[in-house]
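Trainee: One structure is given below, represented as C-alpha cells, and several questions about it will come after.
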Amino acid sequence: MSPRDDTATGLRLYDRTAVGAAASVIRAYSTSFSLATRLLGPRPRPHVRNVYALVRVADEIVDGPAEEAGLDAAARGAVLDALEQETRDAVARGFSANLVVHAFALTARECGIDESLTGPFFASMRTDLTATAHDDSSHDAYVYGSAEVVGLMCLAVFENAGRRRPTPPPAELVAGARALGRAFQDVNFLRDLDHDAGALGRDYLGVDGTRRTRDDVLDRIDDDLALAAGMIPELPSDCRRAVTAAHDLFAALSEKLRHDRGTERVSVPARQKAALAARAWWGAEPRGSRR
C-alpha cells in the first residue's frame, strides 16, 4: 500500500482516505486490537486494519446500532445482504462509494482475498439474525465463517501484502491461522456467555454440564492456542510480534476464565496488556497454552 503523499489527488487520495477511515473504525472499537496492530510492520498494518474494519461494520449491522436504530431482523438482513453485494462488486471493480468497503477491496485485490473467504463470513453474520442455539455442527460452521476465515484473510495479508502477485499460503500456516481464529472466538463466547444468553437469547457453546463443561471448552481453546503458537515463528518477521501479542493476550484470558467463575466479563488489566505487548516487541516466543 502506497506511503502517505500529502500531494495525492484523485484515486490515490481516495484510497488513502478510505484506509484512514478503516483505521479510525478500529481505534474507536477496540483498544486491544489497535494496540496489536501497532506491532505490525508498515507493510501489513493498513491491510489488517482494512479487513477488521469491514468485519466490525458487518457485526454492527447484525447486533447493536442497527437494532437500536429500529431495524428488525429482516431489515438488518437486507442491509447485510447489500454490504455483501457491495463488497463483492468492489473487489471485482476496484472501487466503492463506501470507504470501509473500498479499503477492504484494496486489500482483497492485492492480497488474494476472494469470495471463498468473504462468503462464509457473511453467511455466519447472517446466522445471527435467526439462530439462537447451536449444536456442534452449527457451532463449527459459525466459528469457521465468523473467525477462522478472518484469520485466513489476515494470513493472506501477511503472506502477500506488497507482492506483485498473491500466492496461497503454506498448509501449516493455514492450520495455525484457523486454530487461532477458533481460540479467539471461543474465548469471546465464554467471556460473553451471560450476555449472549440474557440479552441476545443465544447459546453458541452448549455449556450446560451435559453436552460439555466450561473446562471442556477451555481445553479445546488451549489446544488451539498451542497449535497456533507453533506456527507463529514461521510467519513473516514483520507480523510475528503482533500475532504473538494477540495470542498471549487470549492465552491470558483463557487462564483467567479457567480460574474465575464469576458473572463479570473477564478482562486483562491494562498493565498486563502492556507487558504482553512489550514481551512480544522484544521478540519473545509465543507462550504455550497453560492448564
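Where a number appears in this text, it was derived from the coordinates with a stated rule and is not lab data. Please read these numbers as outputs of a predicted model, since none were measured by experiment. Cβ coordinates were reconstructed from backbone atoms using ideal geometry, including for glycine residues, and neighbour counts include every protein chain displayed.
Trainee: In whole Hz, with x marking every Gly and Pro, tabulate ³J(HN,Hα) for segment 240-254 from phi via Karplus 6.51 cos²θ - 1.76 cosθ + 1.60, θ = phi - 60°.
Mentor: Going residue by residue, I get 4, 4, 5, 5, 4, 4, 5, 4, 5, 4, 6, 5, 5, 5, 4 Hz, with x marking Gly and Pro.
Trainee: May I pose another question? Suppose every K and R has +1 on its Cβ and every D and E has -1 on its Cβ; what is the size of the dipole of segment 148-291 about the Cα centre, in Debye to the nearest 20?
Mentor: Dipole about the Cα centre, nearest 20: 420 debye.
Trainee: Eigenvalues of the Cα gyration tensor times 5, then square-rooted: what semi-axes does that give for segment 68-163, in whole angstrom, largest first?
Mentor: Gyration-tensor ellipsoid for segment 68-163: 25, 19, 9 Å.
Trainee: For the chain, modelled as a Gaussian network with Cα springs under 10 Å, which listed residue fluctuates most, Ser138, Ser32, Ser116?
Mentor: Ser116
Trainee: Name the residue farthest towards the positive end of the dipole of the chain from the options Pro236, Leu193, Val57, assuming +1 on Cβ of Lys and Arg, -1 on Cβ of Asp and Glu, about the Cα centre.
Mentor: Pro236
Trainee: State the answer as a single residue: which of Gly145, Leu173, Phe184 lies farthest towards the positive end of the charge dipole of segment 139-215, with beta carbon charges of +1 for Lys and Arg and -1 for Asp and Glu, about the Cα centre.
Mentor: Of the listed residues, the answer is Leu173.
Trainee: Using R₀ = 35 Å, calculate the FRET efficiency as 1/(1 + (r/R₀)^6) where r is the Cβ-Cβ separation of Asp192 and Glu172; round to 0.05.
Mentor: For R0 = 35 Å, the calculated efficiency reads 0.70.
Trainee: When the chain is modelled as a GNM with alpha-carbon springs shorter than 10 Å, which of Ala75, Ala226, Ala161 fluctuates the most?
Mentor: Ala75
Trainee: Out of segment 151-258, which trypsin sites (Lys or Arg not before Pro) are coil in DSSP terms and have no more than 14 other C-beta atoms within 10 Å?
Mentor: Here the trypsin sites (Lys or Arg not before Pro) that fit, given the DSSP loop and packing criteria, are Arg163, Arg164, Arg211.
Trainee: Rounded to two decimals, what is Rg over Rh for the chain when you use alpha-carbon atoms and the Kirkwood radius?
Mentor: Expressed as Rg/Rh, it is 0.95.
Trainee: What dipole magnitude, in Debye to the nearest 20, does the chain give about its Cα centre under +1 on Lys/Arg Cβ and -1 on Asp/Glu Cβ?
Mentor: For the chain, the charge dipole is close to 1340 debye.
Trainee: For Trp282 paired with Ser267, estimate the spin-label separation in nm (one decimal), with each label point 7 Å from Cα along the Cα-to-Cβ line.
Mentor: Here the answer is 2.7 nm between the modelled labels.
Trainee: Residue by residue through segment 176-188, which ³J(HN,Hα) values in whole Hz follow from phi under the Karplus form 6.51 cos²θ - 1.76 cosθ + 1.60 (θ = phi - 60°), with glycine and proline marked x?
Mentor: Per residue, the Karplus-derived 3J(HN,Hα) values read x, 5, 5, 5, 5, x, 4, 4, 4, 5, 5, 4, 5 Hz.
Trainee: Hey, what's the Kirkwood Rh for segment 1-130 if you take every pair of different alpha carbons, in angstrom?
Mentor: Value: 15.3 Å, from the Cα pair sum.
Trainee: May I ask for the Kirkwood hydrodynamic radius of segment 224-288, worked out over all distinct Cα pairs and given in angstroms to one decimal? Don't skip to the answer; put the middle values down first.
Mentor: On the way: mean 1/r = 0.0810 Å⁻¹.
With all distinct Cα pairs of segment 224-288 included, I get 12.3 Å.
Trainee: Where the Cα atoms of segment 170-291 are projected onto their three principal axes, how long is each span, largest first, in whole Å?
Mentor: 42, 35, 26
Trainee: FRET efficiency for Glu60 and Asp136, Cβ-Cβ distance as r, R0 = 35 Å, nearest 0.05?
Mentor: 0.80
Trainee: Looking at the chain as a GNM with Cα springs under 10 Å, which of Pro269, Pro65, Pro166 has the largest mean-square fluctuation?
Mentor: Pro269
Trainee: A follow-up question, please. In nm, to one decimal, how far is the modelled label at Asp216 from the one at Asp72, with both set 7 Å along Cα→Cβ?
Mentor: Inter-label distance under the simple model: 3.7 nm.
Trainee: Once you charge only the Cβ atoms, +1 for Lys and Arg and -1 for Asp and Glu, what is the size of the charge dipole of segment 187-256 about its Cα centre, to the nearest 20 debye?
Mentor: For segment 187-256, the charge dipole is close to 120 debye.
Trainee: Just need the relative contact order of segment 26-126 here, percent rounded to a whole number, with Cα pairs under 8 Å and 6+ apart.
Mentor: The normalised contact order for segment 26-126 reaches 26 percent.
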